[in-house]
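Below you'll find the structure, written out as structure tokens, and then a few comments.
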Amino acid sequence: AKAVNTVVSGGIYLDPMLAGVIVATKTNALTARERSVLRLLADGERSDAIGSALSIAPDTVRAHVRNAMRKLGVETRTQAVAEALRRSLIE
């Protein structure tokens, strides 16, 4: 009833459960660069090789890995790769 009344009065209704999923998905979204770094990590590459492949400094690679780990809610590089694969964020 609440959804119908909201829409009839010109508003937009979004179920609170769905809103939570959308926010969580957006919050945890990886950037294209983070996905590229994780893909190369999954291939067994080290930070210096990843940096060379992507034309970025190894410290920048490590920063992308840290950011991806935080977004994925994991504590290690290996867990980050596994979680990204599980969520189909990388292939």
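The values are calculated or read from the model by the stated rules, or taken from the named source; none is laboratory data. This structure is a prediction, so every number in the text was calculated from the model and none was measured. As a convention, Cβ positions derive from the backbone with ideal geometry for all residues, glycine included, and neighbour counts pool all protein chains shown. All accessible areas refer to the heavy atoms of the entire protein, side chains included, with ligands and DNA or RNA removed. Shrake-Rupley method; radii C 1.70, N 1.55, O 1.52, S 1.80 Å.
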query: Since S36 meets every condition but one in (1) among the hydroxyl-bearing types (S, T, Y); (2) within 16 Å of E91 (Cα to Cα); (3) open to solvent by 60 Å² or more (accessible area, probe 1.4 Å), which condition does it not meet?
result: (3)
message: Of all residues being farther than 12 Å from L41 by Cβ and in a loop (DSSP other than H, G, I, E, B) in the range 68-89, which is least open to solvent (accessible area, probe 1.4 Å)? Just the residue, please.
response: V74
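Counting only residues that are part of a helix (DSSP H, G or I) and not aliphatic (A, V, I, L, M), which one in the range 54-67 is surrounded by the fewest Cβ atoms within 10 Å (Cβ to Cβ)?
So in the range 54-67, the residues part of a helix (DSSP H, G or I) come out as 54, 58-67.
Subset that is not aliphatic (A, V, I, L, M): 58-60, 62, 64, 66-67.
Details: P58: 14, D59: 10, T60: 16, R62: 15, H64: 24, R66: 13, N67: 16.
Looking at the filtered set, the residue picked out is D59.
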field: Residue that is surrounded by the fewest Cβ atoms within 10 Å (Cβ to Cβ) [pool: residues in the range 44-53 that are of a type outside the set (S, T, Y) and assigned to a helix (DSSP H, G or I)]
entry: D48
